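Notes for the one structure printed next.
The values are calculated or read from the model by the stated rules, or taken from the named source; none is laboratory data. Computed from a prediction, not measured in an experiment: that's the story for all the values here. Here the Cβ positions follow ideal geometry from the backbone for every residue, glycine too, while neighbour counts run over all protein chains shown.
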Amino acid sequence: MKVVKNQPNEQPLWKRNLVVLWFGTFMTGVGGSSISPFLSLFVDTLGHFTHAQLNLQSGVIFASTYLMTAIVSPFWGKLADTKGRKPMLLRASMGMAITIFLMGFVTSTWQLMLLRLLLGAFSGFVSNSVALMAIITPKEKSGRVLGTLSTGMVSGTLLGQVFGGVIVNQTGYRATFWITGLIMFLVFLLTLFLVREEFEPLKNQAKLGFRQMMKHLPSVQVIISMLFVTLVIQLTDKSIMPVLSLYVRQLVSNPDQVTIISGIVASAPGAVMMMTAPILGRLGDRYGQHRVLLGGILLSFLLYLLQGFSQNIVQVIILRLLVGVSDSALAPSAQVILARFSPASATGRIFSYNQMMQSIGAVIGPLAGSAVAAYFNYRMVFIVASGFILLNLINYLLNAKRLRQA
């Protein structure tokens, strides 16, 4: 990767790209989250299902996107290291625009699953945005910058879920897919005309296999540890998503309010994360990302456990708001640590593996959550999720000494 030279008095490249990519990830968040909280309810309109069938089909359809992403991520990561991150951003945004728009025309669950698989094949906008910013940002500012970038996705998710709830309530599910497709096309145009990258191919490094590449990294143990952190974060978060709106429906007495309240519950963590992610990013730069990460793991465990014992929707919303604090500490800190231990020649592939771990967690999570809900109840999903978080705590304790170097 070449460093782009700025003209006198010109804003540094990393600052300009941060503004554009923040808005791009914001719009991606809006587009990707406008239907996710209501996907199980949309599936329910495509046929006649029993309680167990609805939960299992919703989980499979939700997970299919992430299964495909896990399969193709290493390929896109290698291509990013040989062709650049901007082409990957353009490929992802255009692919998402087309596939999401077409979802508004499906008439059966198999059609929806096919398009969700294609959506996964074209994914990668956020991960490539993070990889690009990780390379061009000064290391001493990486926590603040990547924390700020994460707020784009989160704030977009926050707005998208509420926006989706309103649109679904007023016009139905299909219009949400069409509007989302147009939003992603706007992201494509913004990326095409505003994102700057001068790229020097690193063919020799990209040709290295996974094991050979890992031998050239400064700390393989830290990389593997952070990939595992990402896996568990996604597994925990996604395990509740297919059943979240159904859980809300169980707690809300007025059925006309289910979609709007589901959007509020799903987006509540984002409301807090928007404010706290940059703050925790700065604290991590100053006092150590490993401390922020540990705090996030402990807080996340407590909050998910308490959600399993909530008695009303108000308690759920309050706990979901507090989840935003733990979310602010988890993924951004893991990304910063990955960036600091990844050389420029391998950044694309490392972050593609990180996306692969996200996707694997997002495949296992919905299936596990749906199975638990189908054979037990919705409350048990949150309790099982807190058990997953214990795995992250064990992983952290096993690698605590190495993580202090981050």
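See the values below:
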{"read-out": "Residue within the range 99-118 that is closer than 28 Å to Glu198 by Cα and among the hydrophobic types (A, V, I, L, M, F, W, C) present", "value": "no"}
{"read-out": "Breaking point among (1) within 30 Å of Lys86 (Cβ to Cβ); (2) modelled with pLDDT of 80 or more; (3) part of a helix (DSSP H, G or I); (4) basic (Lys, Arg), for Arg211", "value": "(2)"}
{"read-out": "Residue within the range 72-83 that is within 21 Å of Gly156 (Cβ to Cβ), basic (Lys, Arg), out of contact with any Cys (no Cβ under 9 Å at 6 or more places or on another chain) and surrounded by fewer than 19 Cβ atoms within 10 Å (Cβ to Cβ) present", "value": "no"}
{"read-out": "Residue among Ala277, Ala271, Ala266 that is assigned to a helix (DSSP H, G or I), modelled with pLDDT under 80, of a type in the set (A, V, I, L, M, F, W, C) and buried (at least 23 other Cβ atoms within 10 Å of the Cβ)", "value": "Ala266"}
{"read-out": "Those residues of the range 312-335 which are closer than 21 Å to Ile233 by Cβ and surrounded by fewer than 17 Cβ atoms within 10 Å (Cβ to Cβ), in sequence order", "value": "none"}
{"read-out": "Filter pass, Met103 being within 25 Å of Ser64 (Cα to Cα), under 19 Å from the mean Cα position of the chain (by Cα) and modelled with pLDDT of 85 or more", "value": "no"}
{"read-out": "Close pairs (9 angstrom Cβ cut-off, 6 or more residues apart or separate chains): under 7 Å from Ala97 (Cα atoms) in the range 177-189, modelled with pLDDT of 85 or more and outside any helix (DSSP H, G or I) anywhere", "value": "Gly181/Gly104"}
{"read-out": "Arg291, sole failed condition from (1) closer than 19 Å to Leu397 by Cβ; (2) of a type in the set (D, E, K, R); (3) touching a helix residue (DSSP H, G or I) at 6+ places or on another chain (Cβ under 7 Å)", "value": "(3)"}
{"read-out": "Output for the range 340-375, where each listed residue is surrounded by fewer than 24 Cβ atoms within 10 Å (Cβ to Cβ), out of contact with any His (no Cβ under 9 Å at 6 or more places or on another chain), closer than 24 Å to Gln311 by Cα and modelled with pLDDT under 85", "value": "Tyr375"}
{"read-out": "Candidates Phe382, Phe309 - the one that is closer than 28 Å to Leu39 by Cα, surrounded by fewer than 24 Cβ atoms within 10 Å (Cβ to Cβ) and at pLDDT 85 or above", "value": "Phe309"}
{"read-out": "Looking only at the range 294-321, and only at residues there that are in a helix (DSSP H, G or I) and of a type in the set (Phe, Trp, Tyr), the one that is farthest from Leu397 (Cα to Cα)", "value": "Tyr304"}
{"read-out": "So Arg379, is it over 21 Å from Val229 (Cβ atoms) and among the basic types (Lys, Arg)", "value": "yes"}
{"read-out": "The range 245-255, subset touching a residue at least 60 places away in the same chain (Cβ under 8 Å), of a type outside the set (S, T, N, Q) and surrounded by fewer than 24 Cβ atoms within 10 Å (Cβ to Cβ), residue farthest from Ser370 (Cα to Cα)", "value": "Val252"}
{"read-out": "Qualifying residues in the range 284-294 (those that are in contact (Cβ under 8 Å) with a residue 12 or more places away in the chain and either among the aliphatic types (A, V, I, L, M) or surrounded by fewer than 19 Cβ atoms within 10 Å (Cβ to Cβ) (or both)) - the one nearest to Thr230 (Cα to Cα)", "value": "Leu293"}
{"read-out": "Residue satisfying all of: in the range 33-54; surrounded by 24 or more Cβ atoms within 10 Å (Cβ to Cβ) and out of contact with any Phe, Trp or Tyr (no Cβ under 7 Å at 6 or more places or on another chain); nearest to Thr107 (Cα to Cα) among these", "value": "Val43"}
